[in-house]
Amino acid sequence: MRKKCEIHFCVFVFSIILPMWKNENKLYFMEKTLIKGLFAIALFVIVMFAGSTDIYAAGTQIDPKFDYRYYADTYPDLKEAFGYNKKALWNHYVNNGRAEGRKCCPEDAGAAVAAGKRTETANVADKHVLDMSNRLNAYRASKGLQPLELSQKCNDVAKLRAKEIATSFSHKRPNATDFAAAYTELGYTTQGVGENIGMMYSDALDVNASIEGSIGLFKGSSGHDENMLGATWKCAGFGYYVDGNTIYIVQEFSAS
């Protein structure tokens, strides 16, 4: 009788301990699995964050001194092209503006030096020519295109052609030769060139604004717009001629 009781007691105790042991193992297994899962998620988040930080630093990080509102307000062509889009304005400054001598903030003294170097290289003193070049490159940048170098060759031809179209408004010159002959006449090569010509009327008080805003004249024509956004061009030049209230504008493009 005593042995039977002892056996029943052992069976009773074992029946209690065994489920507890199983549950404890199950809990330990679940706990271990949960910890592994949380660790994997944490590692994934860390990798993703590190990757995005590297991309930001390498591609789009903006210099704290860059004043995008000042940059847009100082250069109307950029404001017209990008508005107050901070990232787009920063990209323009990095890719084009710095080389063009544009100031990224009121304290940007380095811009004056860069502007001096660019003017000396191109041998251009006319602020209207520089402005037309800047506006064109801002427009190209807004379309994802590379800027065009301000070329003395193209400037010389554009200046000559601006006077010629006041006599004969055509891509044919007054002597009936094609516009490309002007390059040869001035001692330049003519391989791969293009031309836009335009004519505007303006009162005497608005001549400067009309010259600098002439890019709008060409945007309105598909053929002229295609020339301005040409992917094969490497250089550009600009000329204008004022005859009373009439302003003649020329854009020249070259592939070399």
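Results, tabulated for the structure shown:
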| read-out | value |
| --- | --- |
| Electrostatic dipole magnitude of segment 137-201 [Cβ: Lys, Arg +1; Asp, Glu -1; Cα centre; debye, to 20] | 160 |
| Accessible surface, 1.4 Å probe, highest first, among residues ASP225, ASP243 | ASP243, ASP225 |
| Nearest-10 value in Å² for the accessible area of ARG173, using the 1.4 Å probe | 10 |
| Rounded FRET efficiency, nearest 0.05, which uses the C-beta distance separating LYS127 from ASP243 and R0 of 22 Å | 0.60 |
| Computed accessible area, GLU226, all protein chains, 1.4 angstrom probe, square angstrom | 140 |
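The values are calculated or read from the model by the stated rules, or taken from the named source; none is laboratory data. Predicted model, so just to flag it, every value in this text is computed and none were measured. Cβ atoms come from the backbone with ideal geometry, glycine included; neighbour counts cover every protein chain shown. These area figures cover heavy atoms from the full protein model, side chains too; ligands, DNA and RNA do not enter into them. Shrake-Rupley method; radii C 1.70, N 1.55, O 1.52, S 1.80 Å.
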